[in-house]
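Participant: Attaching a single structure in structure tokens format; questions to follow.
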Amino acid sequence: MIPARYEASRFPGKLLQDLEGKSVIVRTFEATVNTALFDDVYVVTDNKLIEQEILKHKGKVILSKGAHETGSDRIAEAVASLNEDVDIVVNIQGDEPFVNKQILEKLLAVFQEKDAAKIDVASLLFPLTDISEITNPNNVKVVVDRHNFALYFSRTPIPYPRDIDHAIYYQHIGVYAFRRKSLLKFTKLPMDMLEKTEKLENLRFLTNNMKVKMVLTQEKSIGIDTPEDLEKARLKIKSL
């Protein structure tokens, strides 16, 4: 499931921006399909222009019926409408055009590990070393326990760098693999103070005791949140 909202607060219309000959949303859709990991790939949107763009490229679209605060809420509505026997639902943000098979295989593999029964959601983290990246509020940071379950997500640097020589930082990459029942549970839960304050849907999992398994990747994602990110993405496409 690829949630695709047109009115992004920081960069409205970003999903229809040109990314070296194809729109951002088409790049993300095609990259997801090309992994060949999924029984079906849907773009879930509230916008007719995005719907037309995906249909033009032979993709499947589900139009949202209601207003949604988060991408996970949007795909939960779509999943609930499907009659298919679904166990794992992967949420790939519409602004992640460089998602690839290796990352997603590693993410899905946790549901075969010995602690799989504990996992409600799995997601990705990437090590950060550049101080400008660590302090950038557009990069969501995450801290984990010794078993790589998330303890907290924040836009601020966590842990607090009292002794920078010992601090290790990880960026959260917004790709989620949900158990279907956990996704449907999530969307029925109210937003609380932490989620509203940080504007991070992942905090809704933690405040409701849902277990989020984090998977380490060494591949830096370029999620497109700003016009500057789009320029970085264009340079990366040209270099491939």
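The values are calculated or read from the model by the stated rules, or taken from the named source; none is laboratory data. Not measured: the values here are computed from a predicted model. Methodologically, a virtual Cβ is constructed for each residue, glycine included, from the backbone with ideal geometry; neighbour enumeration extends over all protein chains shown.
Participant: Go through segment 191-215 and give me each residue that's in contact (Cβ under 8 Å) with a residue 24 or more places away in the chain, under 21 Å from V110 (Cα atoms) and assigned to a loop (DSSP other than H, G, I, E, B).
Facilitator: Those that are in contact (Cβ under 8 Å) with a residue 24 or more places away in the chain, under 21 Å from V110 (Cα atoms) and assigned to a loop (DSSP other than H, G, I, E, B): M210, K211.
Participant: If I ask for residues that are among the hydroxyl-bearing types (S, T, Y) and touching a residue at least 24 places away in the same chain (Cβ under 8 Å), which ones from segment 141-168 would you list?
Facilitator: Hits for segment 141-168 are Y152, S154.
Participant: Would you say S182 is modelled with pLDDT under 90, among the hydroxyl-bearing types (S, T, Y) and either out of contact with any Cys (no Cβ under 7 Å at 6 or more places or on another chain) or under 23 Å from F29 (Cα atoms) (or both)?
Facilitator: Considered against the rule, which asks whether it is modelled with pLDDT under 90, among the hydroxyl-bearing types (S, T, Y) and either out of contact with any Cys (no Cβ under 7 Å at 6 or more places or on another chain) or under 23 Å from F29 (Cα atoms) (or both), S182 comes out as no.
Participant: Another question, if that's okay. Output the residues belonging to segment 144-159 that are within 17 Å of the chain's Cα centre (by Cα) and farther than 27 Å from F11 by Cα.
Facilitator: Correct list: F149, A150.
Participant: Of all residues in segment 14-44 being over 15 Å from the mean Cα position of the chain (by Cα) and of a type in the set (S, T, Y), which is surrounded by the most Cβ atoms within 10 Å (Cβ to Cβ)?
Facilitator: S23
Participant: Only one of T156, T207, T197 is surrounded by 14 or more Cβ atoms within 10 Å (Cβ to Cβ) and not aliphatic (A, V, I, L, M); which?
Facilitator: Residue meeting the stated conditions: T207.
Participant: If you go through segment 174-190, how many residues are touching a His at 6+ places or on another chain (Cβ under 9 Å) and either in a strand (DSSP E or B) or under 16 Å from N148 (Cα atoms) (or both)?
Facilitator: 0
Participant: P157 fails exactly one of the following numbered conditions: (1) assigned to a strand (DSSP E or B); (2) farther than 28 Å from E113 by Cβ. What is the number of that condition?
Facilitator: With respect to (1) assigned to a strand (DSSP E or B); (2) farther than 28 Å from E113 by Cβ, P157 is out only on (1).
Participant: Looking at (1) touching a Gly at 6+ places or on another chain (Cβ under 9 Å); (2) surrounded by 16 or more Cβ atoms within 10 Å (Cβ to Cβ), can you tell me which one I54 breaks?
Facilitator: Against the list (1) touching a Gly at 6+ places or on another chain (Cβ under 9 Å); (2) surrounded by 16 or more Cβ atoms within 10 Å (Cβ to Cβ), I54 comes up short only on (1).
Participant: Residues in segment 22-34: is at least one modelled with pLDDT of 95 or more, charged (D, E, K, R) and closer than 24 Å to E201 by Cβ?
Facilitator: Yes, that holds for at least one residue.
Participant: Say we look at segment 69-84 and pick out the residues that are part of a loop (DSSP other than H, G, I, E, B) and touching a residue at least 24 places away in the same chain (Cβ under 8 Å); which of these is farthest from F186 (Cα to Cα)?
Facilitator: My answer is E84.
Participant: With without any contact (Cβ under 8 Å) to a residue 60 or more places away in the chain and not in a helix (DSSP H, G or I) as the only criterion, which of Q218, Q171 stands out?
Facilitator: Q171
Participant: Can you say whether L107 is within 26 Å of R5 (Cα to Cα), among the hydrophobic types (A, V, I, L, M, F, W, C) and in a helix (DSSP H, G or I), as far as the supplied structure shows?
Facilitator: Here the answer is yes, as L107 does meet what is asked.
Participant: Here's a follow-up. Going through segment 1-13 one residue at a time, which ones are in contact (Cβ under 8 Å) with a residue 60 or more places away in the chain, of a type in the set (D, E, K, R) and surrounded by fewer than 19 Cβ atoms within 10 Å (Cβ to Cβ)?
Facilitator: R10
Participant: Checking the conditions here, which among S64, S81 is farther than 15 Å from I2 by Cα and hydroxyl-bearing (S, T, Y)?
Facilitator: Just one listed residue meets the conditions, S81.
Participant: Would you be able to tell me the number of residues in segment 60-74 that are touching a strand residue (DSSP E or B) at 6+ places or on another chain (Cβ under 6 Å) and at pLDDT 90 or above?
Facilitator: 3
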